[in-house]
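J.: If you scroll down you'll find the structure; I have some questions about it.
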Amino acid sequence: MADWHAPQGPFDIPDIPNYVPRRLKPWLFVLFVLIIQFSGGIYLAVASDMVGTTALMQEDILMAGYAQLIGMSINFAVMFRLKFRFSNRIGLLICGLALMLANVICVNTTSVPVLVVTCLFAGWFRMWATLVCNSTIQLWITPSRDMAVFFCYVYLLVDGVIQLTGISWIYTVFYSQWEYIHWIMTGGLALMIAMVLVLVKPVKGPMQIPLLGIDWIGSILWAIVMMCFTFICVYGNFYDWWDAQEIRWAAVLGVVCTLINLWRASFLHHPYITFQAMTNRNVIRATLVYLVFFTLISTEHVIEHAYAGNVLGFDETNIADLNWYVLVGIVFGCGLTYFTFALRRWRYKTMTAIGFAFAACYLAYFYFLIDAGVEKEALFIPLFCRGAASVIISIVFLTSIVQSGLHFFVFPQALTINGFTGAVMGATFGPAVMGELFRHTMAKNAALLGSAVTDFNPSVSMSHIGELYGAVQYQAMLVSVKEIYGWLLIVALVSLVVILVSYGPLRPAAFFPKWSRIRHILRHSVKIQLLHRKARMNA
């Protein structure tokens, strides 16, 4: 393995002509990936504005937005096949045109199925374009192909852009309309396509590996499973959960597709996701940690916004400004992980404990100091801790999957599982649980406070009923927020203790093989597929 990460000499990108200075070549691909990351189908930051000007519900827009995450996750299993089938130039042109089309469709339709399908494909092409850019500059970022270093860059880019889009799009809508965002990104993608046509040459590898042996039926079935899970989490409260026929049918469809996938994986030579990827110890461990961790910090989507808007009285621009605090935490978390985990090789256990410690600090701050008179600047510490915690946990456990010992042909399948559990489930499951918990806690506390008021003064006049009701709801929200943060803080502290007393000596040693080695693995796989096909035809 040592030859996989030997120094390669001065970094260069043969796809870009030599009249472009060598030092500027990687920054050109950084510009491309920034445009790609800013683009998409639906922009969740302006969901409330879309609700106000279209016939769509909040749940419809969330479903379309999360469909982008599903599209990105599904693409992981075939992304390396795409890289060795198409040149960087062709890949960027295809993805740029697809994302431009997605922006045009999403701004001109209010059909929920069209929006969801469009965003699903937009996420798929967005992931492909991101791989094209990041794989091209990987050796520039880490000549030793150290994935712990590389993932620090990836999460700084991805999570940082998420916060910046929230800020920029809110202010864009504040001064104009939400439709302008789609036209701005369409123009940005057109600029990228023009730059690719002028500055990127159609350089081909030694052999273009055909897209044979890919279980496309399996990819569709797994996408349906993820869509059903997301549908239940997003629309559960709207349809009253299991009392609604829509939720029950979504659950049945998801279970049936899962069983079909497991059945097909038992006899297919190359299923879309193999049992080896599903049963890997590191993949299972990462899934369990994601479920606990992202549920702990899922208060961002439900309680934080309710508290900032209804209690503190922040408007959309003030809420968007809070993203700056999270962005600082993301930058700090990536920097801390780079210097400790990637360079000094701190243990996985140590970094996981640090991530949960930051999450506990975030929860403790809201529990002990939450009040109706909190200034916006006072929220810097908890939001900083939340941003740092999320990137630390994400980088550490994604690195652990690289170091899981899986064959490289199976490794992308593990990334698909990681994308589903870390991104899709992290964005949908936790908020669904927190939303239900918040509503039940609010109802309980409002009933208790309301009964206390009426018992104390049973002769309250009708003219004061509305005023008292508003005061009761206001106090109930404060009490409910504090109560939920208290319970979550207990779970975070228990999780932190479990991590600290566990035995984990493993340190990061996740190195990426050479692209020539990956090409050889994929070429060998395609040859086997061709031999199996000939054998079936002869039989």
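J.: Using Cα positions and a limit of under 28 Å, work out the lysines in reach of Lys201, with same-chain residues fewer than 8 apart set aside.
T.: Leaving aside lysines fewer than 8 places away in the same chain, those within reach of Lys201 are Lys25, Lys83, Lys514.
J.: Identify the residues of the range 250-286 with backbone N under 15 Å of a label point that sits 7 angstrom from the Cα of Ile217 along the Cα-to-Cβ direction, or state none.
T.: 257-273
J.: Whole Å is fine, so just give me how far the alpha carbon centre of the range 245-290 lies from that of the range 88-138.
T.: Rounded to whole Å, the Cα centres lie 26 Å apart.
J.: Within the range 6-62, which chymotrypsin sites (Phe, Trp or Tyr not before Pro) sit in a loop by DSSP and count at most 10 neighbouring Cβ atoms inside 10 Å? List each step's numbers first, then the result.
T.: Values: sites: Phe11, Tyr19, Trp27, Phe29, Phe32, Phe38, Tyr43; in loops: Phe11, Tyr19, Tyr43.
Passing both the DSSP loop test and the Cβ count: Tyr19.
J.: Run down the aspartates and glutamates and flag those whose C-alpha is under 13 Å from the C-alpha of Lys444, throwing out any fewer than 8 positions away in its chain.
T.: Here the aspartates and glutamates satisfying the reach criterion relative to Lys444 are Glu436, Glu483.
J.: So who's got an amide H within less than 5 Å of the one on Phe511, skipping anything under 5 residues away but keeping other chains? H placed 1.01 Å off N, in plane.
T.: Met147
J.: Okay, next question. Answer rounded, prolate or oblate for the range 204-336, using the Cα gyration tensor with square roots of eigenvalues a ≥ b ≥ c: rounded when a/c is under 1.5, else prolate when a/b is larger than b/c, else oblate.
T.: The shape class here is oblate.
J.: Can you give the angle from 0 to 90° between the axis of helix 515-538 and the longest principal axis of the chain, with both taken from C-alpha atoms, to the nearest 10?
T.: It is inclined by approximately 80 degrees.
J.: Continuing with this model, one more query. Against the longest principal axis of the chain, how steep is helix 245-265, in degrees 0 to 90 to the nearest 10, with axes from Cα atoms?
T.: With both axes taken from Cα atoms, the answer is about 30 degrees.
J.: For the Cα atoms of the chain, what angle does the longest principal axis make with the long axis of helix 216-235, in degrees from 0 to 90, nearest 10?
T.: Relative to the chain, helix 216-235 is tipped by roughly 10 degrees.
J.: Let me ask another. Please list, in chain and number order, the residues 5+ apart from Trp346 or on another chain whose amide H is under 5 Å from its amide H, with Hs placed from the backbone.
T.: Phe341
J.: How big, on average over all directions, is the shadow cast by the Cα convex hull of the range 14-213, in nm²?
T.: Reported value for the Cα convex hull: 12.1 nm².
Read-outs throughout are calculated quantities, based only on the coordinates presented, and are distinct from any laboratory measurement. Please read these numbers as outputs of a predicted model, since none were measured by experiment. Note that we place each Cβ from the backbone using ideal geometry, even for glycine, and neighbour counts take in every protein chain shown.
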